[in-house]
1. Output the number of the condition that Leu215 fails; it satisfies all remaining conditions of (1) touching a Pro at 6+ places or on another chain (Cβ under 8 Å); (2) assigned by TED's automatic domain parsing to the domain that holds Phe323.
2. Among the listed residues Ile168, Ile95, Ile199, identify the single one that is crowded, with 24+ Cβ neighbours inside 10 Å and either away from ligand 2 (no atom under 16 Å from the Cβ) or closer than 25 Å to Gln235 by Cα (or both).
3. Name every residue in the range 249-258 that is within 11 Å of ligand 1 (Cβ to nearest atom) and either assigned by TED's automatic domain parsing to the domain that holds Ile151 or open to solvent by 10 Å² or more (accessible area, probe 1.4 Å) (or both), in order of residue number.
4. Which condition number does Gly181 fail, the rest of (1) open to solvent by less than 30 Å² (accessible area, probe 1.4 Å); (2) over 16 Å from the mean Cα position of the chain (by Cα) being met?
5. Search the range 133-147 for residues being within 14 Å of ligand 2 (Cβ to nearest atom) and farther than 14 Å from Asn11 by Cα, and hand back the single one that is surrounded by the fewest Cβ atoms within 10 Å (Cβ to Cβ).
Amino acid sequence: MIPFTFQAPANILFEAGASRKIAARVQDYDARHVLLVTDKGVRGAGLTRDAEAALAAAGIALTVFEDVVADPPSHVIEAAAELCRSQGVDLVLSIGGGSALDTAKLVAYLAKTPDRLDDIYGVGLAKGERLPLLLVPTTAGTGSEVTPIAIVTTPTTEKKGVVSPRLIPDWAILDPELTLGLPAHVTAATGIDAMVHAIEAYTSKIKKNPMSDQLALKALELLSRNIRTVCTNGQDLEARSQMLLGSMLAGMAFANAPVAAVHALAYPIGAIFHVPHGLSNALVMPHVLAFNRPVAEALYAELADVVKPGHQACSAAEAAGVFIAEIVALCRDCQVPDTLAAVGIAEKDLAKLAEDAMKQTRLLVNNPRELDYQQTFEIYRSALLGRGAAA
Ligand SMILES: NC(=O)c1ccc[n+]([C@@H]2O[C@H](COP(=O)([O-])OP(=O)(O)OC[C@H]3O[C@@H](n4cnc5c(N)ncnc54)[C@H](O)[C@@H]3O)[C@@H](O)[C@H]2O)c1
Ligand SMILES: [Fe+2]
């Protein structure tokens, strides 16, 4: 067996209504003053209300930073870290999607160390201490609550990652009730993001390992069986729970067997055109899978058994086709937009996208099939034509 390492949070609480029990977790750290990192959409939807009330009832002081925006820019993170330092906060709590959780991870770190954000982009450069950190996801989702990763948009519209075990939280607290009101289009996009995490972890070239494989398979099973239900009936708590569990397991998988070309090609779309992360992934995914197919056929055939159990394919080649076709069908059924044109991207933009995607070397090294600039450009061109060009 191949040697491997595996990292995950020491503590996970998964329970409907868990956000009402936040105060006890905070008291474990003797914290007297908490910074809540969130965004206005999440707070406006009332998703932080129970936690805020629980902290007030326990006599714990609270400072709220609700200025997180999607694909958090570096200046927002720096402003939140400054607030954290100036208020004498001793624990960071985040309730929100990946954007809020990623911001909180870096705030907890930057508030405690002299490091500057610019100095810690990359793998393993954040080596200092951080404040205690509790993360509560409201999307299912990025899996950020269990990963050592925070993604930042730089002033030059590049998406850069800080990757360090220091960013794994002390507690991941998962409350499926918080995801019940997630609008259908966000449910679809964030759910596809989670599926991409599972798929890319399962085919990750260098660090794929027996633990990440099991997590990715289970994640993909849960996500593919429930995504259609949550897109049509958002109030189904059991299906929402399965999605939240699936996204967390996918997060654990890709935290240890990193994502690859789908994410590398999605990031420039998010950074330049402000397309939500999950949707950026969904738009390029079928085309990257089609590109990878000649090399990843055997693995995609295994994934066909997960997303389409009982399929009748007679060979690995056929089964890989079944897998890609099912993923395409699932995007269609969840009404995910079909082409790059639908988000305002035109042929003239593809060269810049391909150039920027080639800079995502941290991710591209994990792709099962090597890709160069011209191939990347062609994948974007195929994504401009729509999913039919990949299936
Ligand atoms: N750290 C990681 O491991 C990791 C992995 C993948 C992606 N990411 C990053 O995460 C970010 C994307 O996160 P995301 O997809 O969760 O979206 P998000 O956090 O940007 O939120 C998207 C929108 O959904 C709203 N929202 C969130 N939860 C809601 C709820 N329950 N009900 C109603 N509205 C809700 C928010 O207010 C926001 O407007 C990107 O920056 C991406 O790069 C990080
Ligand atoms: Fe992602």
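The values are calculated or read from the model by the stated rules, or taken from the named source; none is laboratory data. Computed from a predicted model, the values in this text were never measured in an experiment. Reconstructed Cβ throughout: ideal geometry from the backbone, glycine too, with neighbour counts over all protein chains shown. When the accessible area is computed, the model is the full protein with side chains, heavy atoms only, and any ligands, DNA or RNA have been set aside. Shrake-Rupley method; radii C 1.70, N 1.55, O 1.52, S 1.80 Å.
1. (1)
2. Details: Ile168 fails: crowded, with 24+ Cβ neighbours inside 10 Å; Ile199 fails: either away from ligand 2 (no atom under 16 Å from the Cβ) or closer than 25 Å to Gln235 by Cα (or both).
Result of the check over Ile168, Ile95, Ile199: Ile95.
3. Within the range 249-258, Met252, Phe254, Ala255, Pro258 meet the criteria.
4. (1)
5. Among them, the one singled out is Thr142.
Let's see how each residue does on (1) touching a residue at least 40 places away in the same chain (Cβ under 8 Å); (2) in a helix (DSSP H, G or I); (3) open to solvent by less than 50 Å² (accessible area, probe 1.4 Å):
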position: Ala271; (1), (2), (3): yes, yes, yes
position: Ala290; (1), (2), (3): yes, yes, yes
position: Glu297; (1), (2), (3): no, yes, no
position: Ala304; (1), (2), (3): no, yes, yes
position: Pro309; (1), (2), (3): no, no, no
position: Gly321; (1), (2), (3): no, yes, yes
position: Cys331; (1), (2), (3): yes, yes, yes
position: Asp338; (1), (2), (3): yes, no, no
position: Leu350; (1), (2), (3): no, yes, yes
